[in-house]
Amino acid sequence: MRTSAKIFYGITVFMALVTVIYIVATEKVHDSGNIQGLEWAGATGLALAAALSLMLGGYLHFTERRIDILPEDWEEAEVEDGAGMLGFFSPGSIWPFVMTVGVAIMGYGIAFMAYWLLLLGAVVLIFGGISLNLQYGLPKEKH
């Protein structure tokens, strides 16, 4: 198991412990005039945070088993060992901006309960996502 997975598994254990402590603590609190009981918003949020970190740790665990050893996992690694190409990033793509506009339109649709705006934002978001993934995969037009 590599470093990244261990970090997220540690966060999972911490969040699970905090969730249990939070549930026990909120069960024991007596507010004046209020009913004693569990505070659901915080307990649900902490439980979902623990589940998310577990999913990320599991993903990193299974992904890191299939790749070579990384410089951060090697005891004798130097700074230079991590240098080099990290991947290809598009230098001037418009599609992340189009996707952001789609999310903003969807946000306005949710805020104003305008379902037509929500649908329009979803269409723009899907179109931007597809275009982002295919911008270097489609052949250039020959004129």
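The values are calculated or read from the model by the stated rules, or taken from the named source; none is laboratory data. Quick caveat: nothing in here was measured; it's all calculated off a predicted structure. No Cβ is skipped: glycine too gets one built from the backbone with ideal geometry, and neighbour counts run over all protein chains shown. These accessible areas exclude ligands, DNA and RNA; they are computed on the full protein's heavy atoms, side chains included. Shrake-Rupley method; radii C 1.70, N 1.55, O 1.52, S 1.80 Å.
Excluding ligands, DNA and RNA, what is the solvent-accessible area per residue of the chain at a probe of 1.4 Å, expressed in Å²?
79
Not counting the cut sites, what is the longest span of the chain without chymotrypsin sites (Phe, Trp or Tyr not before Pro) that DSSP labels loop and that have at most 13 other Cβ atoms within 10 Å?
After excluding every exposed loop site, the longest remaining stretch is 1-73.
Using DSSP loop states and a limit of at most 14 other Cβ atoms within 10 Å to flag GluC sites (Glu not before Pro), what is the longest stretch of the chain containing no flagged site?
Details: sites that count: Glu39, Glu75, Glu76, Glu78, Glu141.
With GluC sites (Glu not before Pro) excluded where exposed in loops, the chain gives 79-140 as its longest stretch.
Could you tell me the calculated FRET efficiency between Leu48 and Glu76, based on Cβ-Cβ distance and R0 = 30 angstrom, to the nearest 0.05? Don't skip to the answer; put the middle values down first.
Working: r = 40 Å, r/R0 = 1.32.
After rounding to 0.05, the efficiency reads 0.15.
Of the listed values (i) 0.99; (ii) 0.93; (iii) 1.14, identify the label whose number matches Rg/Rh (Cα atoms, Kirkwood Rh) calculated from this model.
Comparing each candidate, only (iii) matches the computed number.
In nm, to one decimal, how far is the Ile21 label point from the Tyr59 one, both placed 7 Å along Cα→Cβ?
Between Ile21 and Tyr59, the simple spin-label model gives 2.8 nm.
Could you work out the helix-only [θ] at 222 nm for the chain, with each DSSP H run of four or more residues adding -39,500 (n - 2.57) and the total divided by the number of residues, to the nearest 500 deg cm²/dmol?
Helix contribution divided over all residues of the chain: -21500 deg cm²/dmol.
Is there a quick way to get the dipole size of the chain? I mean about its Cα centre, with the Cβ of Lys and Arg at +1 and of Asp and Glu at -1; what is the value in debye to the nearest 20?
720
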